[in-house]
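In what follows, a structure is listed as structure tokens, so that the remarks can point back to it.
Where a number appears in this text, it was derived from the coordinates with a stated rule and is not lab data. A quick note: this is a predicted structure, and the numbers were derived from the prediction, not measured. No Cβ is skipped: glycine too gets one built from the backbone with ideal geometry, and neighbour counts run over all protein chains shown.
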Amino acid sequence: MDEIKKQQEEVNRKIGEAYDRLNELENAESGISGELNELNTQRQRFAVLSEISDQLEKLEKLGGENLFWGDGHDRNAAREHQKNVRDLVINYDSRVTELHDDQLTREDSVESLTAKINLLNEETMNLQAREDALAEEFIIEREMDDVPFRPMQMPWNGDDEDQKQFRKVLVIVLCFTVLLGILIPMWQIPIPDRIEVVKVPERLAQLIVLKKEPPPPKVQKKEEKKLEKEKPKKDKKPQPEKAKKARKKAESAGLMAFKDDFADLIDNVPVAKLGAKAKISGKGSKARKTTRSLVTSNVGTTSSGINTAALSRNVGGAGENIGDVAFSRVESSIGTDFAGEERPLSDGPGPSRTDEEIQIVFDKYKAALYRIYNRELRKNPTLQGKMVLRLTIEPSGKVSACLVDSSDMDAPTLDKKIAARVKKFNFGAKDGVPTITILYPIDFLPAT
């Protein structure tokens, strides 16, 4: 108890000294604050005085101090006075800086003393708590008994009781094992009957080849008036095998290698009877509103011209059979609501080209257009869509301009080739017809 009281007195003394020092610092800090406030009131004066001194120095460098001091002034006295003014400004700034530094130092000292006082107060509370705890304690006294002796024995050392229990368990397990060894051989198990193994026959599979049904006989339609005369067929003599091998070798070299590039020029045959006296035989009944059979893979539904579904996709071709094309009916949708037999494409009083004449020419060159499309289809099997051509036909029947007005196939190469091929069409000369520009749609679909 006495020791705790001495410690409390020592701590209280330190706390008193810290508070005295704190009061001194606070008083000194208040004096510094007052002096700083007084100097702050004079700050504007010294700031203006500093600016005037700087301006006087500049004026002196420019040689115009007479303008400020007047003529006949004492230059040395003026400089001495200017120096005194500069010293006043410097002393003011240094004093303000010194007071600020002193104030910051005293603030740091105040913070450290405050922290020290807090620690001393906490120590005082701890001493008070110890004193209270000692006051509540009481002494318990009793006589000390002799501690019984226990031999020092590690857990893994042997024990008589454990050994007895181990031997007992060992004897029981051995007896049970010997009993099983005697009884098991005496137990007779009946011999099981052998079950006959059923042999699974081998599975045989027979390959049945489905025979292709013969194609239905094609109904031969009567050929209409042909645009070109049939060429007499020449009997070809069988060539020997060497000639065939030489022909295959020659096809890959020389001009034969470019036969596909010149295949389009084979069909560029002048159109017969498409002038002013053009006639269409076997024309169907008149309709108030007609629709055009576009150049698609199912053209057989609207025209009995070339069967495009049977067009070959092989490269090349000489086009010998193009002249056998026949037409029985031509339908068009270039214009509507015309009840005449041949609706002209011009509203003028003179003659003009009719829908049927345009359709005949496109049907004639349909195979050439599809040959170009099939070559592009081999490069891109998903190529299909609609193309709208804008072409200008001269009175002579030649196409002066052909452009792709719109296309949803995204195939610039195909567009250029189709436009170039259509530009080679010849619609036949017709007297008195004007130059016309038409839009012609073409649907390109793969043959099924």
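Could you order peptides 434-444, 367-377 by the average number of other Cβ atoms within 10 Å of their residues, highest first?
367-377, 434-444
What residues qualify as long-range amide H neighbours of ALA401, i.e. H under 5 Å apart, gap of 5 or more or another chain, H built at 1.01 Å from N?
THR392
Taking 7 Å along the Cα-to-C-beta vector as the label spot, tell me the ASP132-TRP156 distance in nanometres, rounded to one decimal.
Here the answer is 5.4 nm between the modelled labels.
Taking the Cβ of ASP93 as the centre, find all other residues whose Cβ is under 14 Å away and add up their charges (Lys, Arg: +1; Asp, Glu: -1).
-1
Taking loop as defined by DSSP and a crowding limit of 12 other beta carbons within 10 Å, which chymotrypsin sites (Phe, Trp or Tyr not before Pro) in segment 103-173 fit?
Passing sites in segment 103-173 are PHE138, PHE149, TRP156.
Whole angstrom only: what separates the Cα centroid of segment 78-142 from the Cα centroid of segment 381-418?
For segment 78-142 versus segment 381-418, the Cα centre distance is 97 Å.
Tell me, what ³J(HN,Hα) does each residue in segment 13-25 have, in order and in whole Hz, if you take phi through Karplus 6.51 cos²θ - 1.76 cosθ + 1.60 with θ = phi - 60° and put x for Gly and Pro?
Karplus values, whole Hz, x for Gly and Pro: 5, 5, 5, x, 4, 5, 5, 4, 5, 5, 5, 4, 5.
Would you kindly derive the ³J(HN,Hα) couplings of segment 78-93 from the backbone phi angles with the Karplus curve 6.51 cos²θ - 1.76 cosθ + 1.60 (θ = phi - 60°), listing them in order in whole Hz, with x for Gly and Pro?
Result, ordered by residue: 5, 5, 5, 5, 5, 5, 4, 5, 4, 5, 4, 5, 5, 4, 5, 4 Hz.
Please give the length that would be gained between GLN103 and GLU143 if that part of the chain were fully extended, namely 0.36 nm times their separation in residues minus their C-alpha to C-alpha distance (nm, one decimal).
Full extension of this stretch gives 7.5 nm more.
With the cut-off at 18 Å, tell me which of the pairs LYS379/LYS423; LYS366/LYS417; LYS364/LYS416 have Cα atoms farther apart than that.
LYS379/LYS423; LYS364/LYS416
Peptides 407-418, 100-111: what's the order by average Cβ count within 10 Å, highest mean first?
Answer by packing, highest mean first, reads 407-418, 100-111.
Which cross-chain or sequence-distant (5 or more) residues have an amide H under 5 Å from the amide H of LEU389, H modelled 1.01 Å from N in plane?
ASP405, TYR440, ILE442
Only counting other Cβ atoms within 10 Å, I'd like CYS402, CYS175 sorted with the fewest neighbours first.
Ordered by Cβ neighbours within 10 Å, fewest first: CYS175, CYS402.
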